[in-house]
1. I'm spelling it out carefully: the read-out is percent of Cα pairs over 50 Å apart, the candidates are (1) 33; (2) 56; (3) 6, and one was derived from this structure. Which label?
2. If you count, for each residue, the other Cβ atoms within 10 Å and average over each peptide, how do 25-36, 214-225 line up from highest to lowest?
3. Can you list residues from other chains, or at least 5 along the same chain, whose modelled amide H is less than 5 Å from the amide H of PHE94?
4. Could you check the simple spin-label distance between ASP165 and ARG560, using points 7 Å along Cα→Cβ, in nm with one decimal?
5. Leaving out same-chain residues fewer than 8 places away, which lysines sit with a Cα under 25 Å from that of LYS155?
6. Going by how many other beta carbons lie within 10 Å of each one, how would you line up LEU451, LEU190, fewest first?
7. Describe numerically, in nm with one decimal, the distance between label points set 7 Å from Cα along Cα→Cβ at THR57 and at ARG568.
8. Relative contact order for the chain: what is it in percent, counting Cα pairs under 8 Å that are at least 6 residues apart?
Amino acid sequence: MSELRTLAIRVLPQDGESLDSWLEALARRSWTSLSALVDALGLPVTERTHYLLVGLTASQLQNLERQLVLPAGQFDQAVLPADIFGHRAPHWRFCPQCLRETHGRWLTRWWLPWSFACTKHQALLHNVCPSCRKEPREFLPRPVHLHPPGHCMRKTGRRSICGTDLTAAPLLDLEPHQPLLQAQHELDSLFIDRHTSAEAAFTAADAPFSMLMQSLSLSDLQSIGGRSQRTWERSCNETTSPTSPFGSWRIRERGRRLLTRDFMHREYTIKKKTLRGIAEEYDLSAKQVIRRAQELGIEIYRGNRPQPIDNDWLRQQYLLKVRTAEDIAQDIGVSASAILNRLEKLGIPRRPMGVHSRPALTEKLDESLPLDIRAAVEGTLHGWLRLRRFHICMAFPTTTTAATYLGVTQSVLALQLDQLECDIDAQLFHRPGRHRPQRPTDRGTMLLQHLKGGRVQELMHHSLGSNIEPMPGQRVLTAAARTVDGAHAALTTLHPDAAIRHLNVPPPLQPLLRHLLADDDQETYAAQIHTATGIPFNTVYKQLKRLEAAGWLTSRLESRAERPGSARRRTYYSLTAAAHRAAACDPLGESRDCEENDSATRRSHRHNGGNGG
């Protein structure tokens, strides 16, 4: 077995010097790069410098001590336990005066999270290089033998480094009575080596650090100047950050001392604060407060806190009045799940889920009410709504005009009326062909009489409430009767020799017809109509085509002689002879000779169900 090789040139480590600093000094003495020396000593060559401080095993340190003929335990204080830093790389700080006096040696305590000042020179430690504004020892310095000690070895390019003389950095002086220096004296006196546990180190450092945070005033910070104040703020943020091991430990420890059973009972149960509110008020994490409440066995409310509920009242509302859990919950300002949980505790069986548990499906009407009314309402949803819409629909000539008034589509209204007939099991109205008004059957007429009763109207208004749809007025019904098929109906077709019995003029065409009748002795064109009536051009063209197709208008294209040049020729329109005869009967309600005869004809037509002309 070969004997362990040792180095011919050796450099003794200084008091308090970190392992990475001593290896750098040894590499300079041996005139070699630090990475080559680390590899020759059998240590792993890594990218980050702090691995030499926290990543070496006990056997690697013992081999290193034997290779350099150093006493056992020489490096116990030159390295630190990795648990102090966790998964985060430690932040490094330095004192320029100390570097100058020791010729570029770095102290172990400068790596500790609570090191922020140099008590020897009464100054704050620098966080970054004054030139490149980076941490100079974050990455392993390689060609240290080519550069003077105490210089920034941070790479700025592929083959270049910053090279700033850190010993020449300005000293961030502090007053001798500064609380920062007094706290750092106590923190530096803590004994920490590689065998110290993170829990013990944090416990020892927390007392002076917490006392410093409590005693540090705004005037103390203002007295140290702008640059020193920014340096302290960065160091403090790095130390107290919730993501750092020491910062998160301080939060957990403060929460453990604060979140006692009495405290949680007072703040959460009596004062009714939320767990997240407690966390924000006392600068704790919400997860920590929630976990502590679970450890203490405190019931955690995911939504609104349960309100006091009278059990007898709940039984009456749910069993006797057959109300849903949602309705009951809305009355007392709680969630439906809270009502269901209370019902379960009381041993009350729940009704089936869905619409089958609604009061509208379970309520029974007085047997004195007409059978058709009860059949339409009992055991169904929206029965009163369908009855109301049937009542309104029968006042209109067609379901299309009724649907327009109700603001629904004709298909929706037809489905509702079909469902009403299915519930009553009878046909309620006749569905005529085009241009014929609808009329109720004998059963429908009887139902309409029942719907006018005072007791039925009272129940309907109570059920529908403010959402009840009003009955149409006479003006609305008159407008609907004027065009049996509504606003989108086809215009009545005129024939030269046909007698005019009934005119169907949809409302969109009436402004245009008024304009044409006013100038019935002259030709007109689309632009002139648009200027006179204000109807959009597209609408004018569509209505003119409908009138021409129905035989009300004739059209001719302007000749080139009338419109010389390259201008677009106009299309002129004029009323036909049949239209002039129809105008004498006044389809638009103006005073003509045929007004009374036409009105009588239309009334007779609606009663007899005759077709339009």
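1. (2)
2. On the way: 25-36: 18.0, 214-225: 12.6.
Top to bottom by mean Cβ count within 10 Å: 25-36, 214-225.
3. Under 5 Å from the amide H of PHE94 lie the amide H atoms of HIS126, each far enough along the sequence or on another chain.
4. 10.0
5. LYS134
6. Final ranking by Cβ density, sparse to dense: LEU190, LEU451.
7. 9.1
8. On the way: 733 pairs, mean separation 45.5, N = 613.
Dividing the mean separation by the residue count of the chain yields 7 percent.
All of the numbers you see were taken from the coordinates with simple rules; none came from a lab. What you are looking at is a predicted structure, and each value in this text was computed from that prediction instead of being measured. With ideal geometry, Cβ positions are generated from the backbone for all residues, glycine too; neighbour counts draw on all protein chains shown.
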